[in-house]
Amino acid sequence: MNVIVVMIDSLRQDHVSFYGWEGCPLETPNMDAFAAEAVVFDNCYPEGMPTIPVRTDLMTGQSSLTNRTWQPLSSTDVTAAQLFRKEGYLCALQADTYHLFKPGMNFHTGFDIFHWIRGAEYDGCRAGPPRLLKLEDHVNDRIPESWYPQVRAAIRNLEGRVEPEDFPCRQTMDSARTVLEDARRVEKPLFLWIDTFQTHEPWCPPARFDTFADPGYTGPRIVMPPGIPVEEWASDDDVRRIRSLYAGEVAYVDDCIGKLFDAMRGMGYFDDSVIVILADHGHPLGDHGRFLKGTGRMYSELLKVPFMVRLPGGENGGRRVDDLARFPDLLPTLLDLAGLGNNTNSMAGTSLRPVIEGTGHTPYKATITGFFPGLPRTVRNKRYSYMMKEPGEGDELYDLEADPRERNNILNDNLDVAQALVNEIGGAYFAPETKPRGLQGSFEVADTPLA
């Protein structure tokens with residue numbers, strides 16, 4: 001049995017149309033078709049955030065949130081590639097997520113084959129200022145000048161990228177297709193990890209996917225929004241335009257995945273492989289007053305991601321489950337499905353195989369997410385989300401069933417609910433005596449609609 005993981009960076013669950021979120025601004029036909037043949041999880045959450053801690057959890061089956069920040073894989077980490085390789089698999093990594101291949105990061109450890117696609121975000125593969133793309137076309141006069149160097153670095157790497165095949169996501173999928181073709185001539189099963197940095201900012205989709213904007217908008221193309229409060233730098237029109245760029249990125253990535261999956265079907269991989277689609281996290285789009293990730297922005301737009309597992313031949317496909325799951329569960333699940341479950345005893349995660357096969361449920365009553373070593377944490381179950389923020393900022397509690405967009409903070413009237421959530425999480429994640437603090441400040445949500 002082959003094992004194939006497709007990791008998409010910064011993809012919000014509410015932008016995959018299969019999930020049925022109200023206000024989803026686009027259709028994702030290729031991911032939707034895959035979901036119809038897969039077991040789809042509604043509540044699979046990251047633990048340690050963001051990019052690198054997430055992949056550490058996923059690739060090791062361990063939890064980084066209690067003791068590990070953004071750092072390389074160490075010589076003592078035991079990775080998915082090392083385990084599958086030891087069991088006779090050909091292991092390959094194809095990625096444009098440049099953080100993985102920065103010097104010393106070691107995320108290629110254990111892979112027989114690894115290939116890096118250059119040019120995402122601030123990847124240091126070009127020198128000098130941009131020659132064709134102009135800074136003034138990508139900022140407005142309210143964005144602080146301190147943000148300009150990041151914008152320049154991003155648009156420098158975008159120069160010359162016009163057609164879909166010019167962008168890293170398509171190049172990564174094409175590179176993966178070559179590996180898949182070559183692997184059919186090797187008498188070994190394949191473990192393939194495909195990792196694309198899109199839909200991460202800068203949001204600059206190829207023109208034929210940039211179709212979600214108001215045609216009357218005449219402002220700049222802000223592909224790199226700053227993380228300061230929206231009201232300090234953007235109009236409602238600016239916000240809508242930036243969101244349209246993100247939607248275009250999602251449409252583009254969906255198209256790239258569709259081309260990859262067409263090739264995989266033709267080579268027979270849909271018949272003899274476990275295939276997973278997931279994202280490392282979502283991305284705030286001004287929903288709660290800011291863009292970009294942050295410790296105080298752990299709402300559903302950041303935490304809820306697509307997580308889909310397709311068994312060979314689409315077995316058990318079409319099921320949608322609400323069991324709570326954690327990112328450290330991925331590796332134990334893949335090993336278990338491949339018949340290698342005896343490798344999972346030392347892992348923090350739990351195999352999701354019973355959920356996928358419809359024979360059982362996960363043991364979790366709550367999940368927790370955070371940025372180590374920061375203090376804020378978000379604890380969730382199927383119904384409630386409790387965000388513990390920095391002292392003085394005001395904690396928040398939301399009823400996700402009644403209020404999925406998290407507009408109405410109900411903490412003051414439901415301190416017992418928040419405390420019950422805290423009680424489900426062990427003291428390793430925070431002091432055992434932790435108690436919800438109640439509201440400590442005002443909180444206002446941006447009124448600009450998502451779509």
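Determine, yes or no, whether LEU415 is within 23 Å of the chain's Cα centre (by Cα), at pLDDT below 95 and over 28 Å from PRO332 (Cβ atoms). Before you say what the answer is, go through the steps one by one.
Working: within 23 Å of the chain's Cα centre (by Cα): no; at pLDDT below 95: yes; over 28 Å from PRO332 (Cβ atoms): yes.
No.
Please state which one of LEU324, LEU337 is more than 21 Å from the chain's Cα centre (by Cα) and surrounded by 20 or more Cβ atoms within 10 Å (Cβ to Cβ).
Values: LEU324 fails: more than 21 Å from the chain's Cα centre (by Cα).
Residue meeting the stated conditions: LEU337.
In segment 73-95, the residues that are under 12 Å from PHE107 (Cβ atoms) reach residues that are part of a loop (DSSP other than H, G, I, E, B) and among the acidic types (Asp, Glu) with C-beta atoms within less than 9 angstrom, at least six apart or across chains, in these pairs: ALA81/ASP112.
Only a single criterion out of (1) assigned to a helix (DSSP H, G or I); (2) touching a helix residue (DSSP H, G or I) at 6+ places or on another chain (Cβ under 8 Å); (3) at pLDDT below 95 is not satisfied by ILE356, namely (3).
Filter segment 4-24 down to residues that are among the aliphatic types (A, V, I, L, M) and in a loop (DSSP other than H, G, I, E, B) and give me whichever is farthest from ASP57 (Cα to Cα).
Here is the first cut: in segment 4-24, the ones among the aliphatic types (A, V, I, L, M) are 4-8, 11, 16.
Then drop every residue that is not in a loop (DSSP other than H, G, I, E, B), which leaves 11, 16.
Numbers: LEU11: 18, VAL16: 24 Å.
It comes out as VAL16.
In segment 194-216, of all residues being of a type in the set (D, E, K, R) and over 15 Å from the mean Cα position of the chain (by Cα), the one that is nearest to ALA279 (Cα to Cα) corresponds to ASP210. It is to be established whether one or more residues within segment 67-75 are out of contact with any helix residue (DSSP H, G or I) (no Cβ under 8 Å at 6 or more places or on another chain), surrounded by 20 or more Cβ atoms within 10 Å (Cβ to Cβ) and farther than 30 Å from ILE155 by Cα. No, the conditions are met nowhere in segment 67-75.
Looking at segment 271-306, which of its residues are crowded, with 20+ Cβ neighbours inside 10 Å and part of a helix (DSSP H, G or I)? The answer is SER300, GLU301, LEU302, LEU303.
Residue-wise test of (1) without any contact (Cβ under 8 Å) to a residue 24 or more places away in the chain; (2) part of a loop (DSSP other than H, G, I, E, B); (3) of a type in the set (A, V, I, L, M, F, W, C).
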position	(1), (2), (3)
ALA120	no, yes, yes
CYS125	no, yes, yes
ASN140	no, yes, no
ARG156	no, no, no
LEU192	no, no, yes
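Looking across ALA81, ALA127, one residue alone is of a type in the set (Gly, Ala, Ser) and crowded, with 16+ Cβ neighbours inside 10 Å. It is ALA81. Checking the stated criteria, ASP42 turns out not to satisfy the condition of being in a helix (DSSP H, G or I) and either in contact with a Cys (Cβ under 7 Å, 6 or more places away or on another chain) or surrounded by fewer than 22 Cβ atoms within 10 Å (Cβ to Cβ) (or both). Among the residues that make up segment 225-237, is at least one of them surrounded by 23 or more Cβ atoms within 10 Å (Cβ to Cβ) and within 21 Å of GLN198 (Cα to Cα)? So far as segment 225-237 goes, yes, one or more of its residues are surrounded by 23 or more Cβ atoms within 10 Å (Cβ to Cβ) and within 21 Å of GLN198 (Cα to Cα).
For segment 232-261, which residues satisfy the criterion of being outside any loop (DSSP other than H, G, I, E, B), of a type in the set (A, V, I, L, M) and in contact (Cβ under 8 Å) with a residue 60 or more places away in the chain?
We begin by selecting, within segment 232-261, every residue outside any loop (DSSP other than H, G, I, E, B); these are 232, 236-261.
If we keep only those that are of a type in the set (A, V, I, L, M) too, we end up with 239, 242, 245, 247, 250-251, 253, 257, 260.
Within segment 232-261, VAL239, ALA247, VAL250, ALA251, VAL253, ILE257, LEU260 meet the criteria.
Only a single item in (1) at positive phi; (2) assigned to a helix (DSSP H, G or I) is not met by THR56, and it is number (1). Is there a residue in segment 217-231 that is in a loop (DSSP other than H, G, I, E, B), more than 30 Å from ALA80 (Cβ to Cβ), aromatic (Phe, Trp, Tyr) and touching a helix residue (DSSP H, G or I) at 6+ places or on another chain (Cβ under 8 Å)? Yes: one or more hits.
The residue pairs whose first member lies in segment 176-189 and is closer than 13 Å to GLY88 by Cβ, whose second member is acidic (Asp, Glu) and at pLDDT 95 or above, and whose beta carbons are closer than 9 Å, counting only pairs six or more residues apart or on different chains, are PRO189/GLU87; PRO189/ASP272.
The values are calculated or read from the model by the stated rules, or taken from the named source; none is laboratory data. Not measured: the values here are computed from a predicted model. Cβ: placed from backbone, ideal geometry, glycine included. Neighbour counts: every protein chain shown.
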